[in-house]
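The values are calculated or read from the model by the stated rules, or taken from the named source; none is laboratory data. Since we're looking at a predicted model, the values are computed, not measured. Backbone-built Cβ (ideal geometry, glycine too); neighbour counts: all protein chains shown. Just the protein is used for accessible areas: all its heavy atoms, side chains included, with ligands, DNA and RNA removed. Shrake-Rupley method; radii C 1.70, N 1.55, O 1.52, S 1.80 Å.
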Amino acid sequence: MGTENNVKSLLDCHIIPALLQGLLSPDLKFIEACLRCLRTIFTSPVTPEELLYTDATVIPHLMALLSRSRYTQEYICQIFSHCCKGPDHQTILFNHGAVQNIAHLLTSVSYKVRMQALKCFSVLAFENPQVSMTLVNVLVDGELLPQIFVKMLQRDKPIEMQLTSAKCLTYMCRAGAIRTDDNCIVLKTLPCLVRMCSKERLLEERVEGAETLAYLIEPDVELQRIASITDHLIAMLADYFKYPSSVSAITDIKRLDHDLKHAHELRQAAFKLYASLGANDEDIRKKIIETENMMDRIVTGLSESSVKVRLAAVRCLHSLSRSVQQLRTSFQDHAVWKPLMKVLQNAPDEILVVASSMLCNLLLEFSPSKEPILESGAVELLCGLTQSENPALRVNGIWALMNMAFQAEQKIKADILRSLSTEQLFRLLSDSDLNVLMKTLGLLRNLLSTRPHIDKIMSTHGKQIMQAVTLILEGEHNIEVKEQTLCILANIADGTTAKELIMTNDDILQKIKYYMGHSHVKLQLAAMFCISNLIWNEEEGSQERQDKLRDMGIVDILHKLSQSPDSNLCDKAKMALQQYLA
């Protein structure tokens, strides 16, 4: 029970195998003493959990010892809840009957045993559908486990018990074992967690309450709405930023130390919960942003020394940046893009992924931040992201470039092409990640829009682009990929000089013809756009193009398509035939 170094020196002397050996003694008092010591060692941060699992006979032996006394129950549950880290450990404990052996301890006369058993269930259920689905149906003294958990989160129970049972129900809900609209979630778990965020609670409890609530409501818009109007939660969280408070500074050094230690945990928890609350609903986002100095606080959070707080602040901003309204107003007023660009300079991957996602939103055409971001060197930064090993960063880099190129002026498009380089563009077109490929096609499509731009880009990169298009249309790709690629061809066909690159390429013309007769309407429509753009009457050389396509049998296909049951396809075919008649 001394310092971490004390525990280390015991570990170096192989204390754990010796204590485990002691559990085989016939003397119950001796077993309890060994367990008490093991408990203390395993709860130390310097002890590797794996040491509990190295000898396969240990877990079954501990399960058997559970029935010996309330002390063996308390210590063994405590050891399990400290040493269960991740799905592998959960599976081992589950397969050795942890659920059945521990469930009846929830009704023990000893508070400590009930509490440790509850903690065990929270770590067993976390992100584990198998365990969670089992827990829903377990009976203890004729009562189902979820009902027992609900009783344990009532207001008259100790806070630690309320919080832990709320965690059990939260984890079972997130693992799909309890519906999000179940009364035990909406009327019991959620209000209990909101209570944990109030000023009356200790700082540690407020951190745990807010983080658990953020996890509970993250995927569900209905729970987000309910939480946002429970006990003025949004205003209550603003208080999380007021530590350490100036009052405690002089009077109580111990208190100040405690506040300082928890201040960044509190900020992290508040950011996480705001991010979950604002994930889907416009009104909630507005409420969060209108809370006292909230934007300033988030922007300050972006440059905090703690990586965890930075990550939570970026997540919170990302959540709020899904709002068109806020992108046009608050994000502009606070020049959020400045600290964001700074965050992107040298951050760990997990922060980069969220920050670059947010940058995608700031680069949408209606966002006023688009201009200053471009001026601050975003193109190079994003092109750099597209070369990352991490597929999520490649997607975000290319996605942001795609948003940047949308309805952009020629200069920006030229900048993008120059910085990205055609080699990298084609590397991305053969990326193994489907999302990267789709966003790269989206970028190409946005680059190749408006005639002068199409002709300009095709005059410099035409050969390579046509090659890439051919490769994709020949490859094993899904409908969406081929549709995007045909839309790029339709854009090229809309150019004045660029058209010729298609007309002089018989291979491509045959492919367009093939897709006009494809079984999938989306592809037929996309191929039709190409043809319409090639035969449009008012344009120079349309007669020669029409003749060449007629010789290829395109007109026959158009006649066939004009009888199509799909009204959209039918109309487009008739419109194209009119060009021939005019």
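Annotations
- The simple spin-label model puts a point 7 Å past each Cα toward its Cβ; for residue 290 and residue 374 those points are separated by 3.4 nm.
- Ranking 303, 421 by solvent-accessible area of protein heavy atoms (1.4 Å probe, all protein chains present), from largest to smallest, gives 303, 421.
- Estimated FRET transfer efficiency (residue 407, residue 580; beta-carbon r; R0 30 Å; 0.05): 0.35
- Residues within the reach of a label modelled at residue 427 (point 7 angstrom out along Cα to beta-carbon, backbone nitrogen below 11 Å), restricted to segment 368-406, are 384-389.
- Solvent-accessible area, 1.4 Å probe, carbon plus sulfur percent, for the chain: 53
- Simple spin-label estimate for residue 522 and residue 4 in nanometres, 7 Å along Cα-Cβ: 5.3
- Considering only 518, 83, 366, and ranking their Cα positions along the charge dipole of the chain that arises from unit charges at the beta-carbon of Lys, Arg, Asp and Glu, the one farthest toward the positive end is 83.
- Residue 471-residue 548 FRET efficiency (beta carbon distance; Förster radius 30 Å; 0.05 resolution): 0.80
- The slack in the chain from residue 160 to residue 49, taken as 0.36 nm per residue of separation less the alpha-carbon distance, amounts to 37.6 nm.
- Selected from 60, 123, 142, residue furthest toward positive end of dipole (segment 44-177; charges at beta carbon): 142
- When both segment 48-67 and segment 79-125 are represented by their alpha-carbon centers, they are found 13 Å apart.
- Here the dipole of segment 1-152 is about 440 debye; that uses its Cα centre as origin and unit charges on the Cβ of Lys and Arg (positive) and Asp and Glu (negative).
- Computed over protein heavy atoms with a 1.4 Å probe, the accessible surface of the chain works out to 46 Å² per residue.
- A simple charge model with +1 on the Cβ of Lys and Arg, -1 on the Cβ of Asp and Glu and nothing else charged puts the dipole of the chain at about 1000 debye relative to its Cα centre.
- The slack in the chain from residue 300 to residue 112, taken as 0.36 nm per residue of separation less the alpha-carbon distance, amounts to 63.5 nm.
- Across the chain, the relative contact order, built from alpha-carbon pairs under 8 Å that are at least six residues apart, equals 5 percent.
- Full extension of the chain segment joining residue 338 with residue 253 gains 26.9 nm, where the gain is 0.36 nm per residue of separation less the Cα-Cα distance.
- Charge dipole (segment 187-267, unit charges on Cβ, about Cα centre) - positive-most of 212, 243, 197: 243
- Taking GluC sites (Glu not before Pro) in DSSP loop conformation with at most 12 other Cβ atoms inside 10 Å as exposed sites, the chain has its longest uninterrupted site-free stretch at 1-199.
- In the context of the full protein assembly, residue 150 retains an accessible surface of approximately 20 Å², using a probe radius of 1.4 Å and ignoring ligands and nucleic acids.
- Against the criterion of solvent-accessible heavy-atom surface with a 1.4 angstrom probe, 515, 243 sort, most first, into 243, 515.
- Label-to-label distance, nm, for residues given as residue 202 and residue 144 (7 Å Cα→Cβ offset): 3.4
- Entry note, segment 182-336: relative contact order of 22 percent, from Cα contacts under 8 Å with a spacing of 6+ residues.
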